[in-house]
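> Please find one structure pasted underneath; my questions will follow.
The values are calculated or read from the model by the stated rules, or taken from the named source; none is laboratory data. Computed from a predicted structure; not experimentally measured. In this analysis, Cβ positions are derived from the backbone assuming ideal geometry, glycine residues included, and neighbour counts consider all displayed protein chains. We work out accessible area using only protein heavy atoms, side chains counted, and drop any ligands, DNA or RNA first. Shrake-Rupley method; radii C 1.70, N 1.55, O 1.52, S 1.80 Å.
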Amino acid sequence: TGGVTTIDPGYKNTGSCESAITFLDGEKGILRYRGYSIEELAEKADFLEVAFLLIFGELPNKAQLDKFHDDIKKNSIVDEDVHKILDAFPKSAHPMGVLSSLTSALTAFNPSCVNVDSEEDMYQSVVRLLGKFPVLVAWTMRKKSGLPLDYGDKNLGYVENILKMMFKEPNEEYTQSKILVNALDKLLILHADHEQNCSTSTVRIVGSSHAGLFASISAGISALWGPLHGGANQAVLEMLEGIKADGGDTKKYMAKAKDKEDPFRLMGFGHRVYKNFDPRAKIIKVAADEVLGDLGVEDPILDIAKGLEKEALEDPYFVDRKLYPNVDFYSGIIYRGMGIPTDMFTVMFALGRLPGWIAQWREMRLKKEPIGRPRQLYVGETLRGFKPLEER
Ligand code: SDX
């Protein structure tokens with residue numbers, strides 16, 4: 001057993017690394033990126049500033065931010081052959097599967113980004129990924145609707161251009177409206193990092209073998225896809241739609257969530273670390289009202305969500321298990337109000353989490369962390385002799 005005496009399923013009580021990037025306090029519901037509170041950053045910063053902060057450790061000054069954005073824009077062109085890969089997917093393909101494939105394929109078109117040891121080489125990988133990823137996200141979404149693909153407008157801001165690439169029609173002011181840009185900025189900031197969650201730990205362990213950045217991020221996208229992790233934001237809307245179709249019968253779904261025989265869980269509830277509330281959920285809940293109000297969107301699903309939260313917070317089963325709305329509970333309602341398709345919600349989570357994944361990968365590589373290789377407790381067969389086929 002190699003000296004291992006106990007195991008820690010799901011690493012609930014295992015620390016995997018030292019990190020200076022994100023601080024969480026699960027009891028107090030505190031979340032900070034490089035020492036700045038998420039509340040301040042969501043209110044006062046924009047997503048590109050927060051990406052710079054997470055990756056390089058300091059808020060950029062104007063010159064640094066402009067150079068960062070210029071370097072990203074210079075590296076946003078995607079090899080034309082990527083269209084052939086995109087064309088090969090059926091329209092029914094889930095965007096998360098398409099995106100993890102296209103992200104991994106970037107390695108093929110950017111071979112210099114595989115063996116990166118110097119900070120300069122890492123920087124080149126980082127700006128290429130931050131440039132190309134939003135393009136892949138927009139193209140993945142538009143390809144499903146048979147809409148034309150392009151690079152938007154390089155004179156726009158980072159988040160503004162993401163919306164421009166995603167929503168070129170039907171009317172220009174739709175994508176230019178400050179409401180949508182501010183809403184997406186805030187949502188991406190709130191998703192940008194979250195210390196050693198499942199997908200970030202995946203990025204770190206794949207990167208620890210010195211596989212390139214694109215391969216490591218592709219693995220992180222796959223981990224995020226799961227409904228217990230980032231895939232929950234899509235599962236929440238599907239659950240709320242189910243409740244609405246059932247005449248708003250939240251009690252039935254609460255009972256299902258408590259029934260041990262029933263695998264159903266209340267999606268968007270619970271968290272490994274937050275045991276009082278998820279500070280991101282609080283901010284997103286307020287933003288949901290604001291954004292839908294500003295857009296003039298009346299969505300009964302928001303009232304069902306609020307009703308479900310209220311009931312769960314009064315139900316001993318959930319209170320005893322410290323189950324509260326997490327980041328995924330309200331985010332999809334805003335995405336939907338913005339016109340983003342449900343199967344793209346987790347892709348939007350990945351778009352937000354990208355700078356966090358990059359920051360964690362870079363910290364792990366710069367600190368020259370060893371390759372990740374946990375041990376086990378062997379509980380299988382003891383030694384036994386081979387039996388020829390005719391004797392079995
Ligand atoms: C994210 O780690 C991160 O930081 C993730 C994330 C990030 O930013 O990277 O915050 C993003 O992934 C948010 C979580 C999104 N997932 C969901 O909303 C899916 C539903 N939630 C659960 O599956 C669950 O709460 C987890 C996965 C989030 C956490 O699971 P844990 O910590 O392993 O807790 P557990 O499964 O051991 O549950 C403890 C108890 C169990 O009951 P008992 O066996 O003790 O009787 O609580 C119950 C569970 O059955 N429970 C739920 C529940 N979540 C936990 N019961 C009903 N509905 C739920 N949602």
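> Can you tell which of L383, G356, L65 lies farthest toward the positive end of the dipole of the chain, using +1 and -1 charges on the Cβ of basic and acidic side chains (Lys, Arg; Asp, Glu)?
Going by the Cα projections, it comes out as L383.
> Would you mind computing, in nm to one decimal, how far apart the modelled labels at K154 and N276 are, each placed 7 Å from Cα along Cα→Cβ?
4.9
> From the residues N155, G226, L313, which one has its Cα farthest along the dipole of the chain in the positive direction, the dipole being from +1 and -1 charges on Cβ of Lys/Arg and Asp/Glu about the Cα centre?
So the residue we want is G226.
> Could you work out how far the C-alpha centroid of region 1-56 sits from that of region 274-328, in angstrom?
About 22 Å separates the Cα centre of region 1-56 from the one of region 274-328.
> For region 193-198, in order, what is each residue's ³J(HN,Hα) by Karplus, 6.51 cos²θ - 1.76 cosθ + 1.60 with θ = phi - 60°, in whole Hz (x at glycine and Pro)?
Ordered by residue, 3J(HN,Hα) equals 7, 7, 6, 9, 5, 3 Hz.
> Over the heavy atoms of V297, what accessible area does a 1.4 Å probe trace out, to the nearest 10 Å²?
Its accessible surface works out to 50 Å², give or take rounding.
> Run the quick spin-label model on K310 and K67: label points 7 Å from Cα toward the beta carbon, then report their separation in nm to one decimal.
5.4
> Modelling each spin label as a point 7 Å along the Cα-to-Cβ direction, I'd like the F386/D299 distance in nm, to one decimal.
Rounded to a tenth, the inter-label distance reads 6.1 nm.
> Now for a different question. Going through the cross-link list K12/K306; K258/K310; K62/K168; K84/K143; K186/K285; K143/K178, which pairs have a Cα-Cα distance over 18 Å in this structure?
Violating the 18 Å limit, Cα to Cα: K12/K306; K62/K168; K143/K178.
> I need the trypsin sites (Lys or Arg not before Pro) found in region 27-82, filtered to DSSP loop residues with at most 16 other beta carbons within 10 Å of theirs.
K28
> Determine the dipole magnitude for region 217-361: charges of +1 sit on the beta-carbon of Lys and Arg, -1 on that of Asp and Glu, nothing else is charged, the reference point is the Cα centre, and the result goes in debye to the nearest 20.
600
> Placing +1 on the Cβ of each Lys and Arg and -1 on the Cβ of each Asp and Glu in the chain, which of H194, S177, A138 has its Cα farthest towards the positive end of the resulting dipole?
Of the listed residues, the answer is H194.
> To the nearest 500 deg cm²/dmol, what mean residue ellipticity at 222 nm is calculated for the chain from DSSP H runs of n ≥ 4 alone, each contributing -39,500 (n - 2.57), summed and divided by the residues?
My calculation for the chain gives -17500 deg cm²/dmol from helical runs alone.
> Only four residue types carry charge here, +1 at the Cβ of Lys and Arg and -1 at the Cβ of Asp and Glu. Report the dipole size of the chain about the Cα centre in Debye, rounded to the nearest 20.
The dipole of the chain has a size of about 940 debye.
> How do 76-82, 4-10 rank on mean C-beta neighbours within 10 Å, highest first?
Averaged packing, sorted descending, gives the order 76-82, 4-10.
> Just subtract the alpha-carbon distance of K322 and S37 from 0.36 nm times their residue separation and send over the number in nm, one decimal.
The span from K322 to S37 would gain 100.3 nm if fully extended.
> Right, next: Near the amide H of I30, under 5 Å away, which other amide H atoms are found, from residues 5 or more places off or on another chain, if H is placed in the peptide plane?
The answer is D25.
> While we're looking at this one, here's another question. Anyone know which of N182, N326, N115 comes out most mobile in the 10 Å Cα GNM of the chain?
N115
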